[in-house]
1. Of all residues in segment 761-775, count the ones that are over 22 Å from the mean Cα position of the chain (by Cα) and among the acidic types (Asp, Glu).
2. Being within 28 Å of GLY697 (Cα to Cα) and assigned to a strand (DSSP E or B) is the filter here; which residues of segment 612-636 pass it?
3. Is it true that ASP243 is of a type in the set (Asp, Glu) and modelled with pLDDT of 90 or more?
4. Name the one entry in ALA783, ALA804 that is in contact (Cβ under 8 Å) with a residue 60 or more places away in the chain and not in a strand (DSSP E or B).
5. Looking at segment 471-507 only, could you name the residues that are open to solvent by 10 Å² or more (accessible area, probe 1.4 Å), among the aliphatic types (A, V, I, L, M) and under 21 Å from THR276 (Cα atoms)?
6. Among what's in segment 880-892 and is of a type in the set (D, E, K, R) and in contact (Cβ under 8 Å) with a residue 24 or more places away in the chain, pick the residue that is nearest to ASN418 (Cα to Cα).
7. What is the residue count in segment 666-692 for residues that are in a loop (DSSP other than H, G, I, E, B), without any contact (Cβ under 8 Å) to a residue 24 or more places away in the chain and not hydroxyl-bearing (Ser, Thr, Tyr)?
8. Taking into account only those residues within segment 867-898 that are in the same structural domain as PHE332 (by the TED database) and hydroxyl-bearing (Ser, Thr, Tyr), which is least open to solvent (accessible area, probe 1.4 Å)?
Amino acid sequence: MIDRDRMPRAARGLVSGPGGVSMGRTTRILTLLALLWPGALAAQDRTITGRVTDALSGQPLASVSVTVVETRQTSLTDADGRFRLAGVPGERVTLRLSTLGYRTATVTVEPGTTNVEVGLEIDALNLDALVVTGQATTIDRRSATTSISYVSGEEINRVSSPTVLNSLAGKITGVNLQANSGAPGGGIQMQIRGNTTVLGSHDPLFVVDGVIYSNASIPSGRGYANAAASVSLEADAVNRIADLNPNDIESIEVLKGAAASAIYGSKAANGVVIITTKRGRVGAPQINVTQRVGVYTPLRTLKARRWTEEEAVAKYGEAARPFFQDNPSPFFDHYAQIYSNRRPSYETIADVRGGTENTRYFVSGAWKHDEGLERNTFATRQSLRANLDQALGSTMDLQVSTAFTRNENDRGWNNNCNNYGCHGYAFAYIPSFVDLTRRNPDGSFPQPTVGVQSNPYQITELADNHEETLRFTGGVRLNWNALDRSDQSLRLVFAGGLDAFDQKNDVWSPNELFHEQPQTRPGEAIESGGRSLFYNWNVNAIHTFLTRSFTATTSFGIQYEDQRLQTYLIRTEGLLPGQRNVNQGTFTTVSESLSQERTLAFYIQEDLRLLSDRLLVSGGLRAERSSMNGDANRYYVFPKVSSSYRFFDPLGRGSEIKLRAAYGETGILPSFGFKYTTLSTPQIGGERGLAVSTQAGSPSVEPEREKEFEVGIDGFAMNGRLTWELTGFIADNTNIMLQRVPAPSTGYASQVFNGGTFRNQGIEIALGYSPVQTPSALWVARATFTRYTSKVVDLAGQPAFFPAGSGFGNLGRTFIEKGKPVTQIVANVYDKDGKATETMVQVGNSAPDFRVGLVNDVTIGRLSISSTVDWQQGGNVVNLTKYLYDTQDTTDDYGTPAFEKRAQARRDGVHAVYVEDATFVKLRELAVMWDVPPAVSAAMGLGVRNLRVGLTGTNLLMWTKYSGLDPEVSNFGSTAIRSNIDIAPYPPSRGIFLNVTVGF
């Protein structure tokens, strides 16, 4: 059909009706058209073919999206980098070529041209990576109006890491990562832009392929067996992001600011982590197999005092003398005896991807087994994934993502305890002249005669702390291009998914253990676990209107989220000898909890591109209601607005500077049950009774709200080889939930209410530079800098208080006080008269002064070297491990002036001496890889496409003045206010692995 609007004016009068002609004049019309407008008849007949390659190496690139800008016709390149576009208009057109890892390119195709060859430049600094701006919209990073950290899958998978979060350390701005301990299997908390709450959820929101992903941390019950001060916080629990296989990840985006994360409403004040997994590519099936084998060794252990016979007898009495009969100076390294496991760890990964333009697939499987340093500890993860992309005609496509994981671990017996049933704690009380491995002739362990009634080696032999988790995550996304014209388009997106896991824990502390024997009911068995089910769905409409002067994209939709978590714990004490079943004890207690939250939300967003894409303005809001709020039917609105302006070539050709500003609001939901006054069934005299909770419900409780301003200056120069991103932010967290004491006449001890205000502010800097880019060499260097501070602005008239997991007594604790940092650490110090102060004062801060990350990737020919260095300056740790050793005179510097100074301070009630500087520098990752020449790979036969071998290492080196095991470790694990308490954690480890990757 002839388009009348595209004809020369002289020819339009010959056309009768919309595309029809007078049959009597057909021959004359066709002749005239051929003379006046030869392209008119051929306009719909041109086919453009071409080939896309790597601009440096010349290698073909598969799955490159090639789009005709004027008509939006799109094709994907095959395995040889070739593409074909049929029905392209005959006039001049522009092709846009984009693919992950390469700079987006535009090519002008003149009339009559039917074949093009394009070389794409490597996007070494991820300038053209797509980042999320809405529920169903994305934008390239160079145009983004907010600061969004981006990490590619290649950066995540260079080395073998326990979890995804381990892989992020030192690579992104605005984030603080902290481990519970060095135990295998995870247990890391992620904090984005400071502390935002006291009683609410403090984890970021994780979204995997559009599915909300639970990062719950369910205690095993080990805290009961250890008689821990906090049975939940000190159980060294795994956070469930550990179930995700890092090798399946294509990219991670971290939405840090409120303007970026406002689309997720009251779940986003702690940031949002959006994870995209790998998908299929056009071309023949490509199989990749990776095998890693390595070993973990201690990064650091603690030393102990060496004793003379006279010192031992003076401390422990005549019971100590026999230990010196055969050796005048016996010494046994207890850390070396317990953390002696050097069995190999391994990881096997296999995946296959391929497909056509209509059907693409990615299938992977992995088996990872990490041995722990402690004897009989380990972590194993087995995973399967299948992702499918299917075109359903020319206007519709379907994406399916599925993953199944089995996770198993035994994390041992560490951290704080009060019955000496954990290793590091007991070490402080057991002198080094005691051999923990010694046995009686019958194979049993000798009864302790000095120190405490405990033998950590016996615990590793007989006790169990086992966990197993099964998990399934699946998502579906249907895209329908309902309208696709040159001036406007309408896309409808239907998406949904579910995430479910079942966790089971078995803890057994048999009654023959020495630390169990003095107990009232010796021997303990615990069965516990949890069952989680999350599902969410959303319906979205995205309308784009294009003119010569602007582009407007309107998106709106509805979202529904349902999250439920059921946990249980069965505890039996006084076990029968040799028994571990929970029905074989003399005293059994049972607890169970079910929490559920439902959210319904509506959103609308408008994005405007103006002034030839120089100016981008974005605004939107989300209105939501949740069952967690006091009024479950009330909608809370979370707005956002942001803008950026780009200056092209201000520093010469190939440069750009972007100014941006943003404002947004997000929130934190009340915890489950805050609005209710609950009932309990306490056990009294062997019978269950009925009692009203001492915490009054709060029927008016509502979400906390974060209001954040963000400004930034981003840019690049030298054709993208130098990049920078400078961000400043100030966030007020208002309506913070606090606890108050109601009137005594009510009979309640506490009640939750909204009223506090925190302020977080900081700066973030990300720099990238590629000094070398040649066909045979590439060097990419990145640096990150993060600094933020906090302040308690208002406590709604409430007195200062210690938050949950703040510490113990006056030994150094976090303290929430108006006008002070949220993360201040307080303790008693000497006053001007040399006496201990009556009240505790600020002596430190659990937050660092700043963090710096340095990442370098160097490729020379077939050799590749990558490294990640993480530097934390400042912050403090309360070293209670040293405190324990000091109180028992077992510390390695016993008798020195430093020891005597601490001892005197302890006698005076001044414990600030145990608050230490947490500065460190760590070599997080080092990888040296070599690509075997193709001739050698081909000679192996078996259809080998490529072969890569190398060595990788994690946590290889640490420089710090901190005297404990690790300045990053926190005994209380997952808490809203990080306390940085160090009490005998599992030691940190370094890993060295041999890596072999084969492609078929």
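The values are calculated or read from the model by the stated rules, or taken from the named source; none is laboratory data. Bear in mind the structure is a predicted one, so any value in this text is a computation, not a measurement. Note that we place each Cβ from the backbone using ideal geometry, even for glycine, and neighbour counts take in every protein chain shown. Surface areas here come from the heavy atoms of the whole protein model, side chains and all, with no ligands, DNA or RNA. Shrake-Rupley method; radii C 1.70, N 1.55, O 1.52, S 1.80 Å.
1. The number of residues fulfilling the criteria is 0.
2. First, the residues of segment 612-636 that are within 28 Å of GLY697 (Cα to Cα): 622-636.
Answer for segment 612-636, where residues must be within 28 Å of GLY697 (Cα to Cα) and assigned to a strand (DSSP E or B): ARG622, ALA623, GLU624, ARG625, SER626, TYR636.
3. yes
4. Numbers: ALA783 fails: not in a strand (DSSP E or B).
When all the criteria are applied, what remains is ALA804.
5. The answer is VAL476, LEU478, LEU492, ALA495, LEU498, ALA500.
6. Selected residue: LYS882.
7. Looking only at that region, the number is 5.
8. So the residue we want is THR868.
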